[in-house]
Amino acid sequence: MGLIERVLTLVFGGQNNLVRDTVEVFRENAEAGAQRGAEVQGQAMTQFGAEFLVPRRGRFDRFMDGLNRLPRPALALGTLGLFVSAMVEPLWFAERMQGIALVPEPLWWLLGVIVSFYFGARHQVKAQEFQREIVSGVAQVPEVLRNIAQIRSLRADGVAVADTAPDAVLLARSIAPTGNAALDAWRQSRR
């Protein structure tokens, strides 16, 4: 009885369950997996909640944040409003455009500088990235041309592709059709 008990304890009992340990190699322990999943989800929720914890700021900071978000939508909606007003009230629109025509050129330059500084930073970053991509592409052109030339030199679908130099006999052999055993057998089977 002692030997059977020791064998069964080794296989099924005690801290080291041989069957459970073997099965867990091929299949995840559901309880341990659920516990790990709960920990991961709890950590994710904690991190997600921490992203929304903003230190208490004053009225001035909140006002300035709101003010910084206005120019782009205001310019876009204002431009659309001009188009609508031109269609709905053409005389009113023409009067306003005559007023804009009286704005001196230095003031237009100043407006252009302000708008350029406001919107230009992102445009400049994107333009520089685009130029870097173009330069890297142009730098690869010689290598690409060499590769194309090598690929074209491998073509063997035309007459006299093989370089026979001044050897007339070799030239005649390279142009003359040769027997193809597989093709001949196929032709024989078709007859």
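What number of residues within segment 88-127 satisfy the criterion of being more than 25 Å from L70 (Cβ to Cβ) and either touching a Ser or Thr at 6+ places or on another chain (Cβ under 7 Å) or at pLDDT 80 or above (or both)? Spell out the reasoning first.
Of segment 88-127, the ones more than 25 Å from L70 (Cβ to Cβ) are 89-91, 94-95, 98, 101-102, 104-106, 127.
With the extra rule that they be either touching a Ser or Thr at 6+ places or on another chain (Cβ under 7 Å) or at pLDDT 80 or above (or both), the set shrinks to 89-91, 94-95, 98, 101-102, 104-106.
The qualifying residues number 11.
Would you pick out the residues in segment 89-105 that are among the hydrophobic types (A, V, I, L, M, F, W, C) and surrounded by 10 or more Cβ atoms within 10 Å (Cβ to Cβ)? Give the derivation first.
Looking only at segment 89-105, we keep the residues that are among the hydrophobic types (A, V, I, L, M, F, W, C), and these are 91-94, 97, 100-103.
Correct list: W92, F93, A94, M97, V103.
When you scan segment 130-161, how many residues do you find that are at pLDDT 75 or above, within 25 Å of R173 (Cα to Cα) and outside any helix (DSSP H, G or I)?
Number satisfying all stated conditions: 0.
Restricting the search to segment 49-72, which residues are among the hydrophobic types (A, V, I, L, M, F, W, C) and modelled with pLDDT of 80 or more? Show your work before the answer.
Our first condition is that a residue be among the hydrophobic types (A, V, I, L, M, F, W, C); within segment 49-72, this holds for 50, 52-54, 60, 63-64, 67, 70.
Across segment 49-72, the qualifying residues are F60, F63, M64, L67, L70.
Quick check on this structure: which one of A38, A32 is modelled with pLDDT of 80 or more, in contact with a helix residue (DSSP H, G or I) (Cβ under 9 Å, 6 or more places away or on another chain) and not basic (K, R)?
On the way: A38 fails: in contact with a helix residue (DSSP H, G or I) (Cβ under 9 Å, 6 or more places away or on another chain).
Testing whether each residue is modelled with pLDDT of 80 or more, in contact with a helix residue (DSSP H, G or I) (Cβ under 9 Å, 6 or more places away or on another chain) and not basic (K, R) leaves just A32.
Starting from segment 104-116, keep only residues that are free of Cβ contacts under 8 Å to residues at least 40 places away in the same chain and in a helix (DSSP H, G or I), then list their pairs with residues that are exposed (fewer than 11 other Cβ atoms within 10 Å of the Cβ) and of a type outside the set (D, E, K, R) whose Cβ atoms are within a distance under 9 Å, requiring at least 6 positions of separation or different chains.
L111/V103; S116/H123
Quick check on R57: is it surrounded by 10 or more Cβ atoms within 10 Å (Cβ to Cβ) and assigned to a loop (DSSP other than H, G, I, E, B)?
Values: surrounded by 10 or more Cβ atoms within 10 Å (Cβ to Cβ): yes; assigned to a loop (DSSP other than H, G, I, E, B): yes.
Considered against the rule, which asks whether it is surrounded by 10 or more Cβ atoms within 10 Å (Cβ to Cβ) and assigned to a loop (DSSP other than H, G, I, E, B), R57 comes out as yes.
The values are calculated or read from the model by the stated rules, or taken from the named source; none is laboratory data. Bear in mind that the values here come from a model prediction, so they are computed numbers and not experimental data. For neighbour counting, all protein chains shown are included, and Cβ atoms are generated from backbone atoms with ideal geometry for every residue, glycine included.
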